[in-house]
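K.L.:
Following this message is one structure expressed as C-alpha cells.
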Amino acid sequence: MTLRELYSLSKKMLSGASDSPGTEALLVLSAVTGLTKERILLSFEEQIEDEFSKRVLDLVQLRHDGFPLQYITKKCHFYGLELCIEQGVFIPRIETEVLVDLVLELIEREKLKTIVDIGTGSGAIAVAVALNSNCEVYATDINEKALLLAQKNAQRLGAKINFLKGAFLEPVRPFIDKIDLIVSNPPYVSTNATLSKDVLEEPLDALFAGEDGLDFYRQFFKEISLLENKHVVMEFSPEQRDWMEKLSFFGKVSFFHDQFGKIRFFHLKIK
C-alpha cells in the first residue's frame, strides 16, 4: 500500500467522525511513521510496510470511535508550545490560553514574584507562565503520572518550575507567605453533565467536581485564612458565575471572557 492509498483510506474512515478528516489522517500517519506532514505529502507514492499500515488503521479506527487525537499523536498545542500528552492526563484547552494571558498581565502590573499552579496536569499553564515571565513558578498535582509528564514538558522546553505532589494548598503550606498568586484550571464539571465520548476518555477527577461542579472551589476557599493579600485567578464554567460572585465577600473579584465571549475566569484579590 502506498502512502497515498493509506492516507485516502484513513481520511475516508474519519469522514463523519471528524470535522477535519484529512488533517487528522495526516497527523496519525505522522505519529506512526515519524515523518512530518510535509514529508508525507511529498512521498505519497512510496510503499508502506504492512505493520505500519496496520498500526495506522488501528489508530484511525480508535479515533473514529471517539478516542482523543492528542492521546494518539501524544502531542498537543497550547500557547504556541508543543506539549507532550499521554492518556491519563488532562488535555489542555484553547480557552485556558486566556487564563495565561490574564496571569501574565497581572504579574506585570502588580510586579508579582512567585506563583503556584494548582492541578497542573500536563504543566501547560505553569510552563507558559514560566517561559513568559521572570516569576518563580511552583506547580502541584495529586496525579503522579501528570507530574512526571509536566516535568518532562518543562525540561524539554527549558522552563524552570518547582514541582510538588499534593492537593490544594498542602504542598506549598511551608512557604505560603512567599506565594503572590495562585492559578488553577480545576475540575468544575457537574457529575450530571453529558459529555462527549472523547472527553470521557480523560481522567474523570480532572473533569468532575460534584453535582454542581463546585466541590473544588468549596474546598479551596476553606483555607482562605492562608491567602490574605494574595491573588487568585481561576477558570470556571459560565453557569457558575452566581456562586463566584459570592467571592466578593473575601475581596475584590473581577470576571473575564474567553475567546468565545463566555464568562470563564475570575481574579480575586483577597483582603
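K.L.:
Please state the shape class of segment 138-271: rounded when a/c is under 1.5, otherwise prolate if a/b exceeds b/c and oblate if not, all from the C-alpha gyration tensor.
P.N.:
oblate
K.L.:
A follow-up question, please. Expressed in nm to one decimal, what extension gain is obtained for the pair E46 and E228 from 0.36 nm per residue of sequence separation less their Cα-Cα distance?
P.N.:
59.1 nm
K.L.:
When a/c reaches 1.5 or more, the comparison of a/b and b/c decides; with that in mind, is segment 1-82 rounded, prolate or oblate per its Cα gyration tensor?
P.N.:
In terms of gyration-tensor shape, oblate.
K.L.:
Now, a different point. Separation of segment 192-271 and segment 44-77 by C-alpha centroid, Å?
P.N.:
Value for the Cα centre distance between the two parts: 36 Å.
K.L.:
Right, next: Taking the DSSP beta bridges in the chain as the whole, what percent of them are antiparallel, to the nearest 5?
P.N.:
45
K.L.:
Right, another one. Report ³J(HN,Hα) in whole Hz for each residue of segment 259-269, in order, from the Karplus equation J = 6.51 cos²θ - 1.76 cosθ + 1.60 where θ = phi - 60°; Gly and Pro get x.
P.N.:
Here the 3J(HN,Hα) series is 5, 9, x, 9, 5, 9, 9, 10, 10, 10, 9 Hz.
K.L.:
If you don't mind, another one. Summing Lys, Arg as +1 and Asp, Glu as -1, what charge do residues with Cβ under 12 Å from the Cβ of S190 carry, S190 excluded?
P.N.:
Cβ neighbours under 12 Å give a net charge of -4.
K.L.:
For segment 163-271, state which chymotrypsin sites (Phe, Trp or Tyr not before Pro) are in a DSSP loop and have at most 11 other beta carbons lying within 10 Å of their beta carbon.
P.N.:
Of the chymotrypsin sites (Phe, Trp or Tyr not before Pro), the ones in loops of segment 163-271 whose Cβ has at most 11 other Cβ atoms within 10 Å are F260.
K.L.:
Within segment 90-270, count lysine pairs with alpha carbon atoms under 12 angstrom apart where the residues are 8 or more positions apart or belong to different chains.
P.N.:
Lysine pairs satisfying the spacing and distance rule in segment 90-270 number 8.
K.L.:
Over the alpha-carbon set of the chain, divide Rg by the Kirkwood Rh and report the Rg/Rh ratio to two decimals.
P.N.:
So for the chain, dividing Rg by the Kirkwood Rh gives 1.03.
K.L.:
Taking K and R as +1 and D and E as -1, what net charge do the other residues with C-beta under 13 Å from the C-beta of V89 add up to?
P.N.:
Its environment carries a net charge of -2.
K.L.:
Hey, got a sec? Which trypsin sites (Lys or Arg not before Pro) in segment 53-149 land in a DSSP loop and have at most 10 other Cβ atoms within 10 Å?
P.N.:
The qualifying sites are K111.
K.L.:
Quick one: if the Förster radius is 22 Å, what FRET efficiency do T23 and F256 give, using the C-beta to C-beta distance and rounding to 0.05?
P.N.:
0.10
K.L.:
Quick check: net charge around S133, other residues with Cβ under 13 Å of its Cβ, Lys/Arg +1 and Asp/Glu -1?
P.N.:
Computed value for this residue: -3.
Every number here is computed from the coordinates shown, using simple stated rules; none is lab data. Since this is a predicted model, take the numbers as computed values, not measurements. Please note: Cβ atoms are built from the backbone with ideal geometry, for glycine as well, and neighbour counts cover all protein chains shown.
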